[in-house]
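Trainee: This structure is in structure tokens; I'll ask about it shortly.
The values are calculated or read from the model by the stated rules, or taken from the named source; none is laboratory data. Bear in mind that the values here come from a model prediction, so they are computed numbers and not experimental data. FYI the Cβ positions are ideal-geometry reconstructions off the backbone, even for glycines, and counts take in every protein chain you see. Just so you know, the surface numbers come from the protein's heavy atoms only, side chains and all, with ligands and any DNA or RNA stripped out. Shrake-Rupley method; radii C 1.70, N 1.55, O 1.52, S 1.80 Å.
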Amino acid sequence: ASVRVRRVDFYEQRGKCQAVVGEIELTGASAPNATERLLDALRREGALDRPRRPMPPLVFHLCLVTSHGSAAHADMLEGVRARWPDLRTTVVHTLVQGERAPTAIAAALRRADALCPDVIVCGRGGGSAADLEAFDTEPVARAILASNAPVVSAVGHECDHSVADAVADVRAKTPTAAIEMVLHTTRADRLD
């Protein structure tokens with residue numbers, strides 16, 4: 001850990017130097033960043049320890065909150081087609097990175113929830129930490145927590161962990177894995 005000293009006054013008495021430090025700020029790897037502060041706040045209010053909404057045994061309406069035309073969008077739709085081709089699936093388009101993305105994702109989650117789906121999958125494919133940071137924001141966390149439908153967070157790759165993952169009802173390691181998890185039985189299984 002390192003520290004940043006903001007104000008120092010020096011007093012020299014009898015040949016000795018004394019520093020009076022007015023303010024110290026923790027910096028470097030040990031300093032809590034915005035994501036850690038948000039997780040701490042959510043933990044203090046009990047949002048991380050709350051009972052999770054259960055996943056339904058059968059899904060009849062699935063909402064996907066993602067960027068239309070993205071690889072994650074294509075992968076999730078392919079997963080739905082492979083498991084249950086005529087499942088009612090609604091895609092709610094949103095930005096998934098950039099300055100406006102947190103507000104856009106939160107709004108898309110609210111629109112999806114208003115459609116009364118059985119499950120919402122919210123996600124995007126992998127990227128750099130900066131690409132994924134919209135999913136580490138309070139607007140997205142609050143929208144997931146406020147949802148009536150269970151929410152599956154499917155952000156990035158298996159090694160990526162976000163605030164959205166921490167507050168969602170279920171975390172999937174990838175968008176493709178989210179579809180496999182939600183549609184754990186296929187249409188053929190259901191007809192038997």
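Trainee: Pairs please, first residue from region 22-45 and charged (D, E, K, R), second anywhere and modelled with pLDDT of 90 or more and open to solvent by 60 Å² or more (accessible area, probe 1.4 Å), Cβ atoms under 8 Å, 6+ apart in sequence or on different chains.
Mentor: Partner pairs satisfying both residue conditions: 43/49.
Trainee: Moving to a separate point now. I want to confirm something. Restricting to region 95-111 and keeping residues that are part of a loop (DSSP other than H, G, I, E, B) and not charged (D, E, K, R), which single residue is nearest to residue 152 (Cα to Cα)? Write out each step before concluding.
Mentor: Within region 95-111, the first condition is being part of a loop (DSSP other than H, G, I, E, B), and the residues that meet it are 95-100.
Those still in the list that are not charged (D, E, K, R) too: 95-98.
Working: 95: 18, 96: 16, 97: 18, 98: 22 Å.
Ranking the qualifying residues of region 95-111, first place goes to 96.
Trainee: When region 80-94 is examined, which residues are found to be polar (S, T, N, Q) and part of a strand (DSSP E or B)? Working first, answer last.
Mentor: Of all residues in region 80-94, those polar (S, T, N, Q) come to 89-90, 94.
Within region 80-94, 89, 90 qualify.
Trainee: Here is a further query. Among the candidates 77, 39, 64, single out the residue that is out of contact with any Asp or Glu (no Cβ under 6 Å at 6 or more places or on another chain), assigned to a strand (DSSP E or B) and at pLDDT 85 or above.
Mentor: Details: 77 fails: assigned to a strand (DSSP E or B); 39 fails: assigned to a strand (DSSP E or B).
One residue alone meets the criteria, 64.
Trainee: Also: Out of the residues in region 83-98 that are touching a strand residue (DSSP E or B) at 6+ places or on another chain (Cβ under 7 Å) and under 16 Å from residue 119 (Cα atoms), which is most open to solvent (accessible area, probe 1.4 Å)?
Mentor: Narrowing region 83-98 to residues touching a strand residue (DSSP E or B) at 6+ places or on another chain (Cβ under 7 Å): 87-92, 94, 96.
Next, only the ones that are under 16 Å from residue 119 (Cα atoms) stay: 87-92.
Working: 87: 12, 88: 139, 89: 44, 90: 38, 91: 48, 92: 13 Å².
Selected residue: 88.
Trainee: Determine the pairs where a residue that is in contact (Cβ under 8 Å) with a residue 24 or more places away in the chain, located within region 65-78, has a partner that is assigned to a helix (DSSP H, G or I) and among the hydrophobic types (A, V, I, L, M, F, W, C) with Cβ atoms under 6 Å apart, the partner being 6 or more residues away or on another chain.
Mentor: 65/108; 65/109; 65/112; 66/72; 76/179
Trainee: Could you go through region 112-135 and let me know if any residue there is in a loop (DSSP other than H, G, I, E, B), among the hydroxyl-bearing types (Ser, Thr, Tyr) and crowded, with 20+ Cβ neighbours inside 10 Å.
Mentor: As a first pass, look at region 112-135 and keep what is in a loop (DSSP other than H, G, I, E, B): 115-118, 125-128.
Subsequent filtering for residues that are among the hydroxyl-bearing types (Ser, Thr, Tyr) retains 128.
Now narrow it down to the ones that are crowded, with 20+ Cβ neighbours inside 10 Å: none.
Scanning region 112-135, I find no residue that is in a loop (DSSP other than H, G, I, E, B), among the hydroxyl-bearing types (Ser, Thr, Tyr) and crowded, with 20+ Cβ neighbours inside 10 Å, so the answer is no.
Trainee: Quick one: how many residues across region 152-184 are within 10 Å of the chain's Cα centre (by Cα) and hydrophobic (A, V, I, L, M, F, W, C)?
Mentor: 8
Trainee: Do the conditions hold for residue 80, that is, is it over 21 Å from residue 147 (Cα atoms) and open to solvent by less than 80 Å² (accessible area, probe 1.4 Å)? Don't jump to the end; show me each part of the working.
Mentor: Working: over 21 Å from residue 147 (Cα atoms): yes; open to solvent by less than 80 Å² (accessible area, probe 1.4 Å): yes.
For residue 80, the condition - over 21 Å from residue 147 (Cα atoms) and open to solvent by less than 80 Å² (accessible area, probe 1.4 Å) - is met.
Trainee: Another question about this same structure. In region 150-177, what count of residues is obtained for those that are surrounded by fewer than 24 Cβ atoms within 10 Å (Cβ to Cβ), more than 11 Å from residue 122 (Cβ to Cβ) and small (Gly, Ala, Ser)?
Mentor: Total meeting the criteria: 2.
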